[in-house]
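**Student:** Got a structure for you, written out below as structure tokens; questions coming shortly.
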Amino acid sequence: MAYNRNNNNRNYTSNWQSNDRRPRREDRPKAEGLTVEVRNGNLEQAMRRLKKMIAKEGLMQEVRDRRYFVSNTEKRLKAEAAGRARHRRRIAKENPK
């Protein structure tokens, strides 16, 4: 199929040359962070709530995971080992000695 110089290929070129193909950074909604209100000056309770929220979101685990580069092979081997361990635990639970 030869390239046609006239406007027959307009749909193709307009798709990637369009200025409105994705919202710009300043137009995107800002990501809201985790916020905790400190009630009655009780900072300890607010810290406990914040820690629970962070754990629930998985932020600390993600920070730990991103600390060092892990190749796809390492990820795969780790996932396979975890699967084997789950299988072993399930078998041990079904057949107690």
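The values are calculated or read from the model by the stated rules, or taken from the named source; none is laboratory data. Worth saying up front: this structure is predicted, and the values here are computed from it rather than measured. Methodologically, a virtual Cβ is constructed for each residue, glycine included, from the backbone with ideal geometry; neighbour enumeration extends over all protein chains shown.
**Student:** For Gly41, indicate whether it is assigned to a loop (DSSP other than H, G, I, E, B) and either modelled with pLDDT of 90 or more or surrounded by 10 or more Cβ atoms within 10 Å (Cβ to Cβ) (or both).
**Tutor:** When the stated conditions are applied, Gly41 passes them.
**Student:** Surrounded by 10 or more Cβ atoms within 10 Å (Cβ to Cβ), modelled with pLDDT under 90 and not aliphatic (A, V, I, L, M), is that true of Ser18?
**Tutor:** Answer is no for this residue.
**Student:** On to the next question. Tally time: how many residues in segment 56-74 are part of a helix (DSSP H, G or I) and at pLDDT 95 or above?
**Tutor:** Going through segment 56-74 one residue at a time, the tally reaches 3.
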